[in-house]
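Shown next, in structure tokens, is the structure this report addresses.
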Amino acid sequence: MNDRINPEFLMNIEPQKADHLRLQAALDKFKSLSPTVISGHDSECCQFARKWFTGLSGVHHAISSLPSPWMKSTWDWGPLERPIHWCQIVKKSVLDCGTLSALTIESLAAVGQKSFSVQMVQMYSEDMVQDFEHMWRDEGGGYWTHQDLVYHECVAVINGSTNRIQVWDPTVETFSDGSPTKGHDSVVAIKIIDASKHFDSFHNQAVWREKLLDINVWNVL
Amino acid sequence: MSAINPPPIIISSCHTGSSPAPGVGIARSIKAGYPNSVLIGKDQSAFSTGLHSPYFDDVWLTRPWGNIDLDKHLIQIKDRLDATSGFFIPGSDFEARWLATHNIPSVLSPSLEAFTSTVKPFANVHEYLPSKAPAFLDLKTDPREIYNFAVSNGWRVWLKGPMMDARKVYNWPNLLATWDGLLKTWGREHFFLQKEITGLDVTVAFSAYKGKLLGAAFMEKRQMTEEGKCWSGEVNACPADLFEDISKFVEKLQWTGGGELEFVRDEQGQLWFIDLNYRFPAWIYGATLAGINLPGLLVEAATGIPHLKTEAESHQFTRLIIEVPVSNDMQLPAPPVIKSKRKGVGVNKLTSINPGGLPQLMQRISNEISISNAKDQKLKKFEKLTSEEHHSLAPIFEHLSQPNSNTETPFRHFVEERAKAPFELISNFAKRVKKIKFSPAYSIKTNPDPRLMKLALEYGFRAEGISANELLSAHEVGHAFENMVYNGPVPLNPKDLHGNKIHVVFADSMESLKRLCQLKPSPAAHIGVRLKPFESSSRFGIRLESFEDYQEVAKVVKELLPADVGFAVHQHHQSSTNGEDVWLSQTRAFLQQAKLLEELCEKPIRIIDIGGGWTHESFIPFMGNALEQLTDEICHIFPNADEVIIEPGKAICEQSQFLVSRVLEKRGKEFIHEVVSDACLAELPLAVDFGRSVYHVNKSGEIAKLTTGVGRILGRICMEHDILANGILLPEKIEEDDLLIFSHAGAYESSMSYKFGNGKSYE
């Protein structure tokens, strides 16, 4: 995967929401982070757990058309050790954003819906970020934070065979499409991961918030 | 900055409770456009909090709407406007409606034609705007029709008046109580029931002058109060297409003044019309903050004096609660006297609606509104009977009119044709299903009347019981044990069935499942689990949600279910409470739960049993529209299944009986508002729980189906809640000894009836 900021893109976007150098430093720090993958033991413990999860996804999708509007009632958001296995997930009461996103992708796949991992950088206050770091003190601390910026994972869903995406945030169970465009809680950079080559026929670009995003690279918003 | 100031402007409705009026927002917007303008805040109560805001240069406090002399007040308004050559912007729909009949040019609000052309539910809204009106029903009709409308929409319905107020209602008793409360508040308003549309609230505020659209602002609500009023929102320019349509709308109605169109935008993007207000909305200053000053545009059009244009500060706004000093010239009224009341102690509370008494104004002008709303139709008093209803009811009168008839009322009238019809329809449906054995089951508890149980046998229904005694009674009329289904919270004791084996027994708990699996010999050819409806609070069934739930059930089925006993699953929830859509999605969720359970326990599911609780009127269309597809889905999900059992519940039998009673006493002088019947809740135990048709038969045998109204039919016993019908219009000529006949008395109304107040003891 080739991580880069497209200089042409930067020239054509609205004024920067975060200081470019600070963001660049954050992106450099988060470069090593890849979308969460749930591991499985090659035994009945993980097979049974995964079967339960995909089956339960079918139950939920029978009553809701949203990507995963039920995880918050099963798991709270919080720190989690890595790697994480299926048989551990079913016993946990707390999962992080990456695991919730990975589960959402699994849940959608169970009902035949295509979806994509999304990595993003969001802006909060430095106080809040320090609070996150404290919360994660036993699971690596601030490896996912930089000053007032934090790394976050979500899921992109598409409408039919288009390249127009919606970004579903399973941590808060809402679409990020209408979230703030600047300041607190805003998305300052986003990266859509497509290993399936879905976007190949769209010049490797997706449309989000009426903006064109390059696939598999960080897009600064 | 504008060099010339407009003449003084009176702005009314200035209250700012949790459901605020627009006066303050209009004033702030005009001040933004004309900083040196003179604005007079007008309202009917010193408790109208906005009168104390700093945006008014003067205050005009009048008597409350309930007491004010409207003719004199009209003269006062005209005098004030003439004296200053000023303008008046009303902030309430009712005041604007009242003023519209007097056509004062300097009042900047819509014409009478605008009001009369758009009376809610405004079913022809699509002729003006790119939106639809949700399905609705005028409440002046047969109570059963109202009930069926609400059931068919899954009780996601709103009770609304044509001018103001809308309340969500949840069930029949709640509907009647809400309607009663609205009648007391608003007077004789014409109410209707409207389907709720699921989606996002969006609203368009606009400003128009003599049919020309001056501007419009499109607002999405982001945060709402418990009453559904906007607290925070995002305002943008109105989309061009919608702006064009609103232009035509205001031109056609020659609209002057502010206005607000409220919509719900559904998942497909369709706009559904919800409400039209004939004035600016209370959030209007939110639009001004976004750079769209609609009151400023209105004043500019009316005066020709340009208003100061301001840049958008933000497209998002939120409300704040702040304290301001009360004006020394208009101090708060004296503290209330604390009075003991039946339900506690009464003191003044902040009212969410205008404290100046707008409901009283509504009551005072309601005659005009009703006439304009229903000018071409007479008030509908009675519904026409269908020929089938005539055919079913006429024999009652004929029978009672026989000289030697000694039949005492109250009694139940069983109509065989009505009873047979659903059995025949469902039986024919079952025969048409080819992919799998499809078995309807008759729920014995719903009505154990042997006539109905024999019909069930005749038409190939299984008998479904919740106790051994029920199964034994079904056996007495000819049902074979091997065709029976047992399904209840009481664990089945095989001894009670004298060693007979039944078709399938369902466990309501894990304890019951373990016990049933360990019985030798097995009491049934199949043992199954009743599953609690997914994420519901039902007391019935085994919960199957968490990982541990599945693990536990799968383990028991895998390890304890005998190899020669089939595995089955069941779910039951009431369609008449939640609606068909919810029933279907819940059932599909149940099928997915069962599929997962089948995979985990590695036992094929042989029987899928689903129910129930449809109304008679909803089940037949359900069978035609959805049941065949659902059966196909079941076959696809469970390729190893042998049988689908469906238990329609009261849908089979509620229509089969009428309860016949007599009028014992009529009460009221000017109009008959109450009668006492010789029936009571003992004969009609669910009288208040759902809507039913009520028929009046006079001594000449003329039958009338009653519509809704303000009357009541009281029962014969000394119980406060013994009211057989509430909110019913009684005929003026009703007499003692006339018959009152209640429909839908053939299901639980029959099986749950009891002896009370007739001198007989319960054996």
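Have a look at B:G17, B:G50 and point out the one that is small (G, A, S), within 18 Å of B:P325 (Cα to Cα) and touching a strand residue (DSSP E or B) at 6+ places or on another chain (Cβ under 7 Å).
Going through B:G17, B:G50 in turn, the sole match is B:G50.
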Open item on the list: Tell me the residue from B:N348, B:N354, B:N373, B:N367 that is in contact with a strand residue (DSSP E or B) (Cβ under 8 Å, 6 or more places away or on another chain) and at pLDDT below 75, please.
Closed with: B:N354
- [ ] Determine whether region B:646-665 contains at least one residue that is within 14 Å of chain A (Cβ to nearest Cβ), surrounded by fewer than 24 Cβ atoms within 10 Å (Cβ to Cβ) and in contact (Cβ under 8 Å) with a residue 24 or more places away in the chain.
- [x] no
Task: Scope region B:553-590; condition of a type in the set (S, T, N, Q) and within 14 Å of chain A (Cβ to nearest Cβ); matching residues - done: B:Q571, B:N578, B:S585, B:Q586, B:T587
Task: Residues (surrounded by 17 or more Cβ atoms within 10 Å (Cβ to Cβ) and over 18 Å from B:E313 (Cβ atoms)) located in region B:231-242 - done: B:C238, B:L242
Open item on the list: Yes or no: region B:254-268 includes at least one residue that is within 14 Å of chain A (Cβ to nearest Cβ) and either crowded, with 23+ Cβ neighbours inside 10 Å or in a strand (DSSP E or B) (or both).
Closed with: yes
TODO: Could you identify the single residue in B:K705, B:K755 that is over 26 Å from the mean Cα position of the chain (by Cα) and not hydrophobic (A, V, I, L, M, F, W, C)?
DONE: B:K755
Open item on the list: So for region B:42-63 (the condition being of a type in the set (D, E, K, R) and assigned to a helix (DSSP H, G or I)), does at least one residue qualify?
Closed with: no
- [ ] Select the helices (runs of 4 or more DSSP H) contained entirely in region A:1-110, then report the ones holding at least 2 residues which are away from chain B (no Cβ under 14 Å) and modelled with pLDDT of 95 or more.
- [x] A:20-30, A:97-110
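Working only within region B:591-626, note down all residues that are out of contact with any helix residue (DSSP H, G or I) (no Cβ under 7 Å at 6 or more places or on another chain) and away from chain A (no Cβ under 14 Å).
Hits for region B:591-626 are B:R606, B:I607, B:D609, B:P621, B:G624, B:N625.
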- [ ] Only residues in region A:178-201 that are closer than 13 Å to A:V118 by Cβ count as the first member; pair them with residues that are aromatic (F, W, Y) and modelled with pLDDT of 90 or more, Cβ under 6 angstrom, at least 6 apart or cross-chain, and list the lot.
- [x] A:A189/A:W218; A:K191/A:W218; A:I192/A:F116; A:I193/A:F116; A:D194/A:F116
TODO: Exactly one condition in (1) in a helix (DSSP H, G or I); (2) within 14 Å of chain A (Cβ to nearest Cβ); (3) touching a helix residue (DSSP H, G or I) at 6+ places or on another chain (Cβ under 9 Å); (4) modelled with pLDDT under 95 is not met by B:L544; state its number.
DONE: (1)
TODO: Would you mind listing the helices (runs of 4 or more DSSP H) fully within region B:94-201 where at least 3 residues are more than 22 Å from the chain's Cα centre (by Cα)?
DONE: B:112-116
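Determine whether B:V337 is loosely packed, with under 10 Cβ neighbours inside 10 Å, at pLDDT below 95, in a loop (DSSP other than H, G, I, E, B) and out of contact with any Lys or Arg (no Cβ under 7 Å at 6 or more places or on another chain). Before you say what the answer is, go through the steps one by one.
Working: loosely packed, with under 10 Cβ neighbours inside 10 Å: yes; at pLDDT below 95: yes; in a loop (DSSP other than H, G, I, E, B): yes; out of contact with any Lys or Arg (no Cβ under 7 Å at 6 or more places or on another chain): yes.
Yes: the conditions hold for B:V337.
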TODO: For B:Y278, indicate whether it is under 34 Å from the mean Cα position of the chain (by Cα) and within 22 Å of B:W98 (Cβ to Cβ).
DONE: yes
Task: Among the residues listed as B:K78, B:K132, B:K72, B:K120, the single one being among the basic types (K, R) and buried (at least 19 other Cβ atoms within 10 Å of the Cβ) - done: B:K120
Open item on the list: List pairs: first residue in region B:586-603 and assigned by TED's automatic domain parsing to the domain that holds B:Q571, second residue among the polar types (S, T, N, Q) and in a helix (DSSP H, G or I) anywhere in the structure, Cβ distance under 8 angstrom, at least six positions apart or on different chains.
Closed with: B:Q586/B:N578; B:L600/B:Q551
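Residue by residue through region B:274-291, note down the ones that are assigned to a loop (DSSP other than H, G, I, E, B) and small (G, A, S).
B:A282, B:A290, B:G291
The values are calculated or read from the model by the stated rules, or taken from the named source; none is laboratory data. Fair warning: this is a prediction, and the values are worked out from it, not measured in the lab. No Cβ is skipped: glycine too gets one built from the backbone with ideal geometry, and neighbour counts run over all protein chains shown.
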